[in-house]
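What follows is a short report on a single structure.
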Amino acid sequence: MESTLIAVDTAKLVFEVAEADGAGKVRRRLRLNRPQFSEYLATRERASFVLEACGGAHHWARMMERLGHSVRLLPVPYVCAYRRRNKTDRADCLAMLEAAKNPEILPVPVKTTEHQAIQGLHRCRSAWMETRTARINTLRGL
């Protein structure tokens, strides 16, 4: 059986999917909404998926792993280096397929919901600290 690598560019409403064969040639492109994408994952035979690491990608990665797929989350700055044209969903998928070939790019581990919740608390605290510092500096300047 031929190995398949599937790049997914996640978004709020539309998901761009590019399926590549073992040689890295794109064989199929899809543009799916959320329900269609969930059905695609459920009916798809086991494959390797690659996504850009972001908050939503961790959710989809957990779902893909539950369905038996293997998932790699790539850091966004490294994927951006492989984008050839303007930033579009289609160009992002091609960049992910190219970046996935590079063994030096280490994938981001898939986070649990608890880990993401703790990370959200830390980000809120950092934002509050920045706001507090800005207000203190404004008062000091006045």
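The values are calculated or read from the model by the stated rules, or taken from the named source; none is laboratory data. Being a predicted model, the structure only gives us computed values, none of them experimental. So basically every Cβ, Gly included, is an ideal-geometry build from the backbone, and we count neighbours across all protein chains shown. We work out accessible area using only protein heavy atoms, side chains counted, and drop any ligands, DNA or RNA first. Shrake-Rupley method; radii C 1.70, N 1.55, O 1.52, S 1.80 Å.
The condition (being part of a helix (DSSP H, G or I) and either more than 20 Å from V14 (Cβ to Cβ) or of a type in the set (A, V, I, L, M, F, W, C) (or both)) is satisfied by just one residue among R72, R132: R132. Out of curiosity, is P107 in contact with a strand residue (DSSP E or B) (Cβ under 9 Å, 6 or more places away or on another chain) and free of Cβ contacts under 8 Å to residues at least 60 places away in the same chain? Judged against the criteria, P107 is a match. For E45, the conditions (1) at pLDDT 95 or above; (2) not in a strand (DSSP E or B) all hold with the exception of (1). What do you reckon, is S48 within 26 Å of R27 (Cβ to Cβ) and touching a Leu at 6+ places or on another chain (Cβ under 9 Å)? In short, yes. Within segment 95-142, the residues that satisfy the criterion of being within 20 Å of G55 (Cβ to Cβ), among the aliphatic types (A, V, I, L, M), outside the structural domain of Y78 (by the TED database) and open to solvent by 70 Å² or more (accessible area, probe 1.4 Å) are I118, L121. Regarding R27, is this residue in contact with a strand residue (DSSP E or B) (Cβ under 7 Å, 6 or more places away or on another chain), free of Cβ contacts under 8 Å to residues at least 24 places away in the same chain and either closer than 14 Å to C93 by Cα or open to solvent by 60 Å² or more (accessible area, probe 1.4 Å) (or both)? Judged against the criteria, R27 is a match. Taking each residue of segment 113-135 that is closer than 18 Å to G56 by Cβ and looking for partners that are in a helix (DSSP H, G or I) with beta-carbon atoms closer than 8 Å, six or more apart or interchain, yields T113/R62; Q116/G55; Q116/H58. Counting the residues of segment 30-54 that are open to solvent by less than 50 Å² (accessible area, probe 1.4 Å) and not hydroxyl-bearing (S, T, Y) gives 10.
With respect to being open to solvent by less than 70 Å² (accessible area, probe 1.4 Å), in contact with a Lys or Arg (Cβ under 6 Å, 6 or more places away or on another chain) and in contact (Cβ under 8 Å) with a residue 24 or more places away in the chain, V17 falls outside the description. Where residues in segment 72-94 are β-branched (V, I, T) and touching a residue at least 24 places away in the same chain (Cβ under 8 Å), which of them is least open to solvent (accessible area, probe 1.4 Å)? Taking the candidates together, the pick is V79.
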